[in-house]
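The structure under discussion appears below in the form of structure tokens.
The values are calculated or read from the model by the stated rules, or taken from the named source; none is laboratory data. In this text the structure is predicted, and so the values were computed from the model without any measurement. Note that each Cβ is placed from the backbone with ideal geometry, even for glycine, and that neighbours are counted across all protein chains shown.
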Amino acid sequence: MDMKSRLYKYLTIAGLLLCSPALMAQVAEEVPTMDSGNTAWIIVATILVMLMTIPGLAFFYGGLVRQKNVLSIMMQCLALTAVLSIEWIIYGYSAVFGTGLVESPLGTVIGGFDKLFLHGITLDTLNPLGGNIPEILFVLFQCMFAVITPALIIGAFAERIKFSGFLLFSVLWAMLVYNPMAHWVWGGGWMGAMGALDFAGGTVVHINAGVSALVMALLLGKRKGYSENGHPITPHNIPFVVIGTALLWLGWFGFNAGSGLAADGLAANAFLVTHLATAVAATAWAALDWIINRKPNVVGVCTGAVAGLVAITPAAGSVDAFGSVFIGLFSAIVCFIFVAYLKPRFKYDDSLDAFGVHGVGGFVGAILTGVFATQFVTGEGNAQGALYGDWHQLGVQLIVNVAAIVFAAMMTFILFKIVDRCVGLRVSNKEEAIGLDISQHGEIAYSEGE
């Protein structure tokens, strides 16, 4: 085609578009454009999720340990935020959301290697999973999930793990446990294909981390000075715990309400049910403490609030206010039983109740999602729970989450043995006695006289 013919063709197309507003509208509809409102909201949500790890989790866990170990907790949270962000950009995002193996049977297990170092993602690339937001923003939003998940495990082995062993284990766990699970549920893997409902990470984040936390606590053994009756070691700074809880509560709105990737009614509902379930769980835990132990305590309210946040996470995109109340209530009761009764009964040292709150709360929320999911939220013709007549969804939730428990436990056991053989995981008795702040980092949180 010569230059004159090309010019005639382009002028003809331009004339048709100018003369036909309907045709122009149709063309505009067919070409997705970036949504500035959704983009702005997910930027804010990403910041909120980052706040959950630093400083939220750092303060929450840091306040619960003894004074000689507070900096070790904060250092672990800081280190994971830095190191796992690098891992995610280089490899993790591609392993979870890549499409290089989509035509292969392996595609149900791993995303692929086509997006290593974010290959092929430009400033104008729209997120293929929706929201009309830049894919680079989705990368960073999901990065914060990849950071906080292994950070939750810190609560199980606090006050007795070598920093070098911790770092190596966490990187391997992120690559070999978190990334596969995230792909299975969110990236086109077999769990998502089964129809599993996990809006913001009940399976991927909390069950995955909580079960791994229990395995780590059992394999590492108890802290020196841990009471044989299983009573917790006294926290050194409860105001830190309150600050951490408040930051987690705040950040969780980005965690849950941001997971729909849009500033719309679904985000508003996720925001509401997250807050309501948390409020119910915190109140229920306080009531249990008041009835059983005669006094409601601050740490109990904080623990109850986190249990509610955990449990509503998988359900935030599929339940209404009615369902969130029951999820908050049941999560508080079940997690309270595990923390106050079963842990002392079986005498395992889950230092900061990572399993009792995250593992148990995540499982409760994931299963109750299969009960309380409603088409009032998911939309007509979409998933609903057993309460509304769909028992199949409850069966899917049970299968998927039991499989997640088995996978997380098995892989964590293997990684523990490998890392322990390579660099060691538990500090010496002397290092544990003087505290990890000094023995691992050469620092103290408070000077003499404070």
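Of the residues making up region 415-440, those that are under 13 Å from Lys68 (Cβ atoms) and buried (at least 16 other Cβ atoms within 10 Å of the Cβ) are Val427, Glu432, Gly435, Leu436, Asp437, Ser439, Gln440. The set of residues in region 410-450 being among the hydroxyl-bearing types (Ser, Thr, Tyr) and more than 29 Å from the chain's Cα centre (by Cα) consists of Ser428, Ser439, Tyr446, Ser447. Glu443 meets all of the listed conditions (1) at pLDDT below 95; (2) buried (at least 20 other Cβ atoms within 10 Å of the Cβ) but one, namely (2). Which ones in region 99-122 are free of Cβ contacts under 8 Å to residues at least 60 places away in the same chain and either outside any helix (DSSP H, G or I) or among the charged types (D, E, K, R) (or both)? Once the filter is applied, which keeps residues that are free of Cβ contacts under 8 Å to residues at least 60 places away in the same chain and either outside any helix (DSSP H, G or I) or among the charged types (D, E, K, R) (or both), region 99-122 yields Gly100, Leu101, Glu103, Ser104, Gly112, Phe113, Asp114, Lys115, His119, Gly120, Ile121, Thr122. Condition test on Ala281, is it in contact with a helix residue (DSSP H, G or I) (Cβ under 9 Å, 6 or more places away or on another chain), outside any loop (DSSP other than H, G, I, E, B) and free of Cβ contacts under 8 Å to residues at least 24 places away in the same chain? When the stated conditions are applied, Ala281 does not pass them. For region 174-216, filtered to residues that are more than 14 Å from the chain's Cα centre (by Cα) and aromatic (Phe, Trp, Tyr), the residue that is farthest from Ser259 (Cα to Cα) is Trp190.
The set of residues from region 299-326 being assigned to a helix (DSSP H, G or I) and under 15 Å from the mean Cα position of the chain (by Cα) comprises Val306, Ala307, Gly308, Leu309, Val310, Ala311, Ile312. Against the criterion of being surrounded by 24 or more Cβ atoms within 10 Å (Cβ to Cβ), farther than 30 Å from Cys302 by Cα and touching a helix residue (DSSP H, G or I) at 6+ places or on another chain (Cβ under 7 Å), Trp184 qualifies.
Within region 353-397, the set of residues being without any contact (Cβ under 8 Å) to a residue 40 or more places away in the chain, among the polar types (S, T, N, Q) and assigned to a helix (DSSP H, G or I) comprises just one member, Gln375. Reported count of residues in region 96-114, each being in contact with a Phe, Trp or Tyr (Cβ under 6 Å, 6 or more places away or on another chain) and not hydroxyl-bearing (Ser, Thr, Tyr), is 2.
Is there a residue in region 337-353 that is buried (at least 21 other Cβ atoms within 10 Å of the Cβ), of a type in the set (Gly, Ala, Ser) and closer than 25 Å to Val400 by Cα? No - not one qualifying residue is present in region 337-353. Note on region 134-158: among residues that are in contact with a Phe, Trp or Tyr (Cβ under 9 Å, 6 or more places away or on another chain) and not in a helix (DSSP H, G or I), the one that is farthest from Val185 (Cα to Cα) is Ala158.
Tell me which residues, restricted to region 398-414, are touching a residue at least 24 places away in the same chain (Cβ under 8 Å) and surrounded by fewer than 22 Cβ atoms within 10 Å (Cβ to Cβ). Matches in region 398-414: Leu398, Ile399, Ala403, Ile405, Phe407, Ala409, Met411, Phe413. Checking each residue of region 203-214 against the condition of being more than 18 Å from Asp353 (Cα to Cα) and either free of Cβ contacts under 8 Å to residues at least 40 places away in the same chain or crowded, with 19+ Cβ neighbours inside 10 Å (or both) gives at least one match.
Filtering Ile337, Ile292 for residues that are farther than 17 Å from Thr278 by Cβ, touching a residue at least 12 places away in the same chain (Cβ under 8 Å) and of a type in the set (Val, Ile, Thr) leaves a single hit, Ile292.
Of the residues making up region 123-130, none is assigned to a helix (DSSP H, G or I) and either modelled with pLDDT under 95 or in contact with a helix residue (DSSP H, G or I) (Cβ under 8 Å, 6 or more places away or on another chain) (or both).
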